[in-house]
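Single-structure report; data block below.
The values are calculated or read from the model by the stated rules, or taken from the named source; none is laboratory data. What you are looking at is a predicted structure, and each value in this text was computed from that prediction instead of being measured. Here the Cβ is made from the backbone with ideal geometry for all residues, glycine too, and neighbour counts use every protein chain on show. Remember, those area values only see protein heavy atoms, side chains included, never the ligands or the DNA or RNA. Shrake-Rupley method; radii C 1.70, N 1.55, O 1.52, S 1.80 Å.
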Number of protein chains: 2
Amino acid sequence: MPSTPTENDIRRAHERILPHIHNTPVLTSQFINELTGALLFFKCENFQKTGSFKMRGASNALFSLKPDQRLNGFATHSSGNHAQAVAYACKTAGVNAYIVMPKNAPKVKIDAVKNYGGNIVFCEPNETARQEACAKIIQETNAVFIPPFDDLAIITGQASCAKELIETHADLDYLLTPVGGGGLAAGTALSVKYFSPKTEVILGEPKNVNDTYLSLKAGKIIPVSQIHTMADGLKTTVGKLNFEIIQNHVKEVITVSEDEISRAMRMIWERLKIIIEPSCAVPFAALLGRKSFFKNKKVGVILTGGNVDLGNLPFV
Amino acid sequence: MPSTPTENDIRRAHERILPHIHNTPVLTSQFINELTGALLFFKCENFQKTGSFKMRGASNALFSLKPDQRLNGFATHSSGNHAQAVAYACKTAGVNAYIVMPKNAPKVKIDAVKNYGGNIVFCEPNETARQEACAKIIQETNAVFIPPFDDLAIITGQASCAKELIETHADLDYLLTPVGGGGLAAGTALSVKYFSPKTEVILGEPKNVNDTYLSLKAGKIIPVSQIHTMADGLKTTVGKLNFEIIQNHVKEVITVSEDEISRAMRMIWERLKIIIEPSCAVPFAALLGRKSFFKNKKVGVILTGGNVDLGNLPFV
């Protein structure tokens with residue numbers, strides 16, 4: 001594969017994962033449309049299997065391989081939604097999932113992975129320990145590594161989300177997603193380029209972890225320097241492959257404060273009556289902060305997931 | 001109309017309100033099915049206009065009248081979901097809504113009614129003051145009274161909810177709803193009788209406000225003696241018309257503790273990723289408390305609404 005997936009790569013990925021994912025619903029809110037003056041379409045990946053869009057990329061990575069290449073199972077290191085997605089995709093395929101998690105990971109996340117049948121390998125809570133533990137497990141088991149975001153199979157899998165939204169909601173002026181590692185952002189940018197070229201992609205990023213914003217300005221990747229944000233899915237530095245695609249196909253990154261994230265999240269809960277996690281309130285917060293810019297526009301917003309600790313809500 | 005609505009009454013009510021309501025989605029959860037051993041279908045009235053099933057009855061009561069009978073607007077007394085539903089139905093019809101609310105009603109509920117364009121008339125927080133204030137407003141304005149539950153137009157409107165569920169999910173063994181004033185319970189019992197006679201209706205009621213449970217035992221209405229429950233939509237004594245229908249067509253009332261309500265509510269939030277209010281966790285709590293009874297059964301559960309104060313959650 002070349003470093004930029006083609007239209008056909010995305011079509012094939014979507015067909016491949018269709019039996020394993022939900023074509024998630026798109027919700028609207030009259031109240032929010034009146035408040036913003038825009039016409040908003042929320043693509044609800046909180047209703048996706050395992051509660052986030054990560055199931056798209058993980059199942060694409062897994063099912064891209066032939067059955068005899070899957071026999072030794074799959075491994076990854078993650079304490080978040082990617083871990084759950086890999087565990088569940090492996091359960092679907094009937095193979096082992098080895099998930100390296102920091103030993104201080106929240107119990108709720110450990111339980112979720114266990115619940116999907118994942119084998120958890122605990123490690124010290126730092127990047128080096130994670131990678132070493134994962135490499136060791138792969139050496140011992142011959143499992144295949146499924147990276148969390150900077151990977152062509154992951155990008156094309158995540159691209160299926162925007163593709164679905166475009167198929168039912170043509171002529172969007174803008175499509176908004178959050179950006180963390182950038183797998184969804186890159187996949188979305190490519191789906192828009194191929195399937196809805198008049199639409200522009202805008203990314204939302206927490207002000208506190210604004211590496212993609214800074215990287216686009218600098219023309220090179222500027223790693224995250226601090227990770228204090230409630231948007232726990234977006235604490236990662238943007239991936240290399242993803243950054244290249246974002247540089248070429250994304251219009252802008254809008255950054256938002258923690259307060260804006262919390263208020264946007266609460267509005268979605270109250271008005272759409274759905275549970276979303278802080279990370280996916282970020283692009284909606286970006287829109288709320290720029291109402292005049294989005295006025296009278298048709299805007300798609302990908303709500304990326306709903307795995308949130310109800311005992312620790314920002315607005316309670 | 002006779003005191004029991006006919007099959008045709010319900011069909012006509014449903015047709016009448018179709019342009020004004022959502023045919024709400026039905027959600028399922030693999031996790032919850034595995035946990036309970038039953039096959040559960042959740043009818044999501046939290047996604048209904050104004051956030052609850054009350055919009056069905058209110059719009060049926062309003063649009064049952066000819067346009068020239070609607071000109072003076074409509075009045076009701078309520079501090080809950082019925083108030084919002086009447087206000088919104090009136091907005092839809094372009095007529096005035098007069099909503100009598102106790103002067104200590106929560107700001108969030110007052111704001112919701114204002115937001116739908118309702119004219120709020122405040123009164124002292126007791127039943128007599130409510131009724132007097134409502135009678136006075138009706139005398140002054142010639143508005144038409146829309147009762148909250150004990151009324152044939154309300155019952156047939158609420159009946160449309162079970163009708164929709166039955167149309168897409170045939171052969172349910174049981175259909176569960178909460179019971180407060182009993183409008184939804186009675187309407188559900190009638191829809192089941194006409195459209196799915198093999199299904200049995202079971203009601204969930206808080207142990208702390210178990211008037212319908214006691215009334216069925218006694219063979220006559222036993223008014224509520226205390227109202228200390230988090231299920232704020234279910235604090236009312238069952239209505240006379242509704243009780244008669246419930247007596248004839250409901251299999252059983254199961255009562256549940258406050259703790260059971262809170263746990264059931266949290267499970268719906270975490271697993272379905274949707275916001276429901278405590279009242280509608282009551283029938284699901286009833287099912288969780290009787291897993292062996294419902295095992296291997298196909299069960300519909302009406303989730304009645306999603307209007308909840310996020311600053312005051314039972315499980316946080």
Worksheet item: Within the bounds of the stretch B:264-273, is there any residue that is open to solvent by 10 Å² or more (accessible area, probe 1.4 Å) and either small (Gly, Ala, Ser) or under 17 Å from the mean Cα position of the chain (by Cα) (or both)?
Response: no
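So which residues in the stretch B:96-154 are on the phi > 0 side of the Ramachandran plot and open to solvent by 80 Å² or more (accessible area, probe 1.4 Å)? Don't jump to the end; show me each part of the working.
The initial filter retains those residues of the stretch B:96-154 that are on the phi > 0 side of the Ramachandran plot, namely B:117, B:142.
Of everything in the stretch B:96-154, just one residue is on the phi > 0 side of the Ramachandran plot and open to solvent by 80 Å² or more (accessible area, probe 1.4 Å), namely B:Asn142.
Among the residues of the stretch B:16-74, count how many are of a type in the set (Lys, Arg) and touching a strand residue (DSSP E or B) at 6+ places or on another chain (Cβ under 6 Å).
If we filter the stretch B:16-74 for residues that are of a type in the set (Lys, Arg), which is where we start, we get B:16, B:43, B:49, B:54, B:56, B:66, B:70.
Among the residues that remain, those that are also touching a strand residue (DSSP E or B) at 6+ places or on another chain (Cβ under 6 Å) are: B:43.
Within the stretch B:16-74, residues that are of a type in the set (Lys, Arg) and touching a strand residue (DSSP E or B) at 6+ places or on another chain (Cβ under 6 Å) number 1.
When you scan the stretch B:14-34, do you find a residue that is among the aromatic types (Phe, Trp, Tyr) and open to solvent by 30 Å² or more (accessible area, probe 1.4 Å), even just one?
Here is the first cut: in the stretch B:14-34, the ones among the aromatic types (Phe, Trp, Tyr) are B:31.
Checking which are open to solvent by 30 Å² or more (accessible area, probe 1.4 Å) leaves us with B:31.
The answer is yes; a qualifying residue exists.
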Worksheet item: Which pairs do you get when a residue that is free of Cβ contacts under 8 Å to residues at least 24 places away in the same chain, found in the stretch A:281-293, comes within reach of a residue that is open to solvent by less than 40 Å² (accessible area, probe 1.4 Å), reach meaning Cβ atoms under 6 angstrom, with the pair 6+ apart or on two chains?
Response: none
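Every residue, every condition in (1) in the same structural domain as B:Gln69 (by TED's automatic domain parsing); (2) more than 22 Å from B:Ser79 (Cβ to Cβ); (3) in a loop (DSSP other than H, G, I, E, B), yes or no:
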position: B:Ala129; (1), (2), (3): yes, no, no
position: B:Glu132; (1), (2), (3): yes, no, no
position: B:Ile138; (1), (2), (3): yes, no, no
position: B:Ala162; (1), (2), (3): no, yes, no
position: B:Thr177; (1), (2), (3): no, no, no
position: B:Leu184; (1), (2), (3): no, no, no
position: B:Leu216; (1), (2), (3): no, yes, no
position: B:Ile227; (1), (2), (3): no, no, yes
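Does B:Val108 fit the bill of being closer than 27 Å to B:Asn312 by Cβ, in a helix (DSSP H, G or I) and either in contact with an Asp or Glu (Cβ under 9 Å, 6 or more places away or on another chain) or modelled with pLDDT of 95 or more (or both)? Give the steps one after another, and end with the answer.
Numbers: closer than 27 Å to B:Asn312 by Cβ: yes; in a helix (DSSP H, G or I): yes; either in contact with an Asp or Glu (Cβ under 9 Å, 6 or more places away or on another chain) or modelled with pLDDT of 95 or more (or both): yes.
Taking the combined requirement at face value, the residue satisfies it.
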Worksheet item: Among (1) outside any helix (DSSP H, G or I); (2) open to solvent by 10 Å² or more (accessible area, probe 1.4 Å); (3) under 21 Å from B:Glu7 (Cβ atoms), which single condition is B:Val201 missing?
Response: (2)
Worksheet item: Of all residues in the stretch A:114-151, which are free of Cβ contacts under 8 Å to residues at least 24 places away in the same chain and closer than 21 Å to A:Gln69 by Cα?
Response: A:Asn119, A:Ala135, A:Lys136, A:Gln139, A:Glu140
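I want to confirm something. Restricting to the stretch B:155-175 and keeping residues that are among the hydroxyl-bearing types (Ser, Thr, Tyr) and surrounded by 15 or more Cβ atoms within 10 Å (Cβ to Cβ), which single residue is farthest from B:Ala61 (Cα to Cα)?
First pass over the stretch B:155-175, keeping only residues among the hydroxyl-bearing types (Ser, Thr, Tyr): B:156, B:160, B:168, B:174.
In the following step, the residues that additionally are surrounded by 15 or more Cβ atoms within 10 Å (Cβ to Cβ) were identified as B:156, B:160, B:174.
Working: B:Thr156: 9, B:Ser160: 13, B:Tyr174: 28 Å.
Looking at residues that are among the hydroxyl-bearing types (Ser, Thr, Tyr) and surrounded by 15 or more Cβ atoms within 10 Å (Cβ to Cβ), I get B:Tyr174.
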Discussion item. Yes or no: the stretch A:65-74 includes at least one residue that is in contact (Cβ under 8 Å) with a residue 40 or more places away in the chain, closer than 23 Å to A:Asp171 by Cα and either of a type outside the set (Lys, Arg) or in a strand (DSSP E or B) (or both).
Written reply: no
Worksheet item: Restricting attention to the stretch B:80-95, does a residue exist that is buried (at least 24 other Cβ atoms within 10 Å of the Cβ), in contact with a strand residue (DSSP E or B) (Cβ under 7 Å, 6 or more places away or on another chain), assigned by TED's automatic domain parsing to the domain that holds B:Ile138 and not in a helix (DSSP H, G or I)?
Response: no
Worksheet item: Which of the residues belonging to the stretch B:45-64 are part of a helix (DSSP H, G or I) and open to solvent by 10 Å² or more (accessible area, probe 1.4 Å)?
Response: B:Phe47, B:Lys49, B:Thr50, B:Lys54, B:Ala61, B:Phe63
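In the stretch A:227-244, which residue that is β-branched (Val, Ile, Thr) and more than 22 Å from A:Lys193 (Cβ to Cβ) is surrounded by the fewest Cβ atoms within 10 Å (Cβ to Cβ)? Before the answer, list the steps.
Taking the stretch A:227-244 as the starting set, the residues that turn out to be β-branched (Val, Ile, Thr) are A:227, A:229, A:236-238.
Next, from what is left, pick out any that are more than 22 Å from A:Lys193 (Cβ to Cβ): A:227, A:229, A:236-237.
Numbers: A:Ile227: 15, A:Thr229: 24, A:Thr236: 21, A:Thr237: 20.
Among them, the one singled out is A:Ile227.
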Worksheet item: Looking at (1) more than 20 Å from the chain's Cα centre (by Cα); (2) part of a strand (DSSP E or B), which is the one condition that is false for A:Ile99?
Response: (1)
Worksheet item: Residue check, B:Ala170 against (1) in a helix (DSSP H, G or I); (2) more than 16 Å from B:Ser79 (Cβ to Cβ); (3) out of contact with any strand residue (DSSP E or B) (no Cβ under 6 Å at 6 or more places or on another chain), all met but one. Which one?
Response: (1)
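So, in the stretch B:34-59, of the ones that are more than 16 Å from the chain's Cα centre (by Cα) and away from chain A (no Cβ under 14 Å), which residue ends up farthest from B:His82 (Cα to Cα)?
Filtering the stretch B:34-59 down to residues more than 16 Å from the chain's Cα centre (by Cα) leaves B:34-41.
Still in the running and away from chain A (no Cβ under 14 Å): B:36-41.
Values: B:Thr36: 32, B:Gly37: 35, B:Ala38: 32, B:Leu39: 31, B:Leu40: 27, B:Phe41: 25 Å.
Among those residues, the one meeting the criterion is B:Gly37.
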Item to complete: Of the conditions (1) open to solvent by 10 Å² or more (accessible area, probe 1.4 Å); (2) more than 14 Å from every other protein chain (Cβ to nearest Cβ); (3) touching a residue at least 40 places away in the same chain (Cβ under 8 Å), A:Val224 clears all except one; give me its number.
Response: (3)
Worksheet item: Just checking, how many residues over the stretch A:245-263 are modelled with pLDDT of 95 or more and open to solvent by 40 Å² or more (accessible area, probe 1.4 Å)?
Response: 8
Worksheet item: Does the stretch B:274-316 hold any residues that are over 14 Å from the mean Cα position of the chain (by Cα), more than 14 Å from every other protein chain (Cβ to nearest Cβ) and not aliphatic (A, V, I, L, M), and which are they?
Response: B:Phe284, B:Gly289, B:Arg290, B:Lys291, B:Ser292, B:Phe293, B:Phe294, B:Lys295, B:Asn296, B:Lys297, B:Lys298, B:Gly300
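Being of a type in the set (Asp, Glu) and touching a residue at least 40 places away in the same chain (Cβ under 8 Å) is the filter; apply it to the stretch A:239-273 and report the residue that is farthest from the other protein chains (Cβ to nearest Cβ). Before the answer, list the steps.
Step one: filter the stretch A:239-273 for residues of a type in the set (Asp, Glu), giving A:244, A:252, A:258-260, A:270.
Now drop any that are not touching a residue at least 40 places away in the same chain (Cβ under 8 Å), which leaves A:244, A:252, A:258.
Working: A:Glu244: 33, A:Glu252: 29, A:Glu258: 17 Å.
Filtering first and then ranking leaves A:Glu244.
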